[in-house]
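Enquirer: One structure follows; several queries about it will come next.
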Amino acid sequence: MYIGLGIVLIIAGLILVMNVITVDLNFVNDDALGTILLIAGILAIVISLLYAPPWRRDRVVTYRDDSRIG
């Protein structure tokens with residue numbers, strides 16, 4: 001669920017780290033903010049993969065077609 005958020009954070013962090021866009025704020029360092037966003041995005045993806053429900057199902061669903069009978 002948080003994989004999309006992680007991807008957005010990684011992209012925003014890479015944009016700031018690579019100086020594609022320069023944020024002109026006196027109290028914020030662009031590289032530090034980009035690194036924080038990059039690490040937060042990676043953590044969001046890793047945590048969402050660790051706590052995701054299992055990829056398999058516990059029960060089997062069968063389909064019964066009664067239209068062929070009679």
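Please treat every number below as a calculation from the coordinates, not as lab data. This is a predicted model, so every value here is computed, not measured. Don't worry about glycine lacking a Cβ; one is built from the backbone with ideal geometry, like all the others, and counts go over all protein chains shown.
Enquirer: Spin-label point model (7 Å from Cα, Cβ direction): what's the residue 3 to residue 36 distance in nm?
Expert: 2.8
Enquirer: While we're looking at this one, here's another question. Using the eigenvalues of the Cα gyration tensor, what equivalent ellipsoid semi-axes result for the stretch 3-50 when each is taken as the square root of five times the eigenvalue, whole Å, largest first?
Expert: Gyration-tensor ellipsoid for the stretch 3-50: 22, 9, 7 Å.
Enquirer: All other residues with a Cβ under 14 Å from the Cβ of residue 17 taken together, and with Lys, Arg as +1 and Asp, Glu as -1, what is their net charge? Display every interim value, and only then the final one.
Expert: On the way: positive: none; negative: 30, 31.
Neighbourhood net charge equals -2.
Enquirer: Could you give the length gained on full extension between residue 14 and residue 46, defined as 0.36 nm per residue of separation minus the Cα-Cα distance, in nm?
Expert: Here the answer is 9.8 nm.
Enquirer: Mind giving me the nanometre distance, one decimal, between the label points for residue 21 and residue 60, set 7 Å out from Cα along Cα→Cβ?
Expert: 5.2
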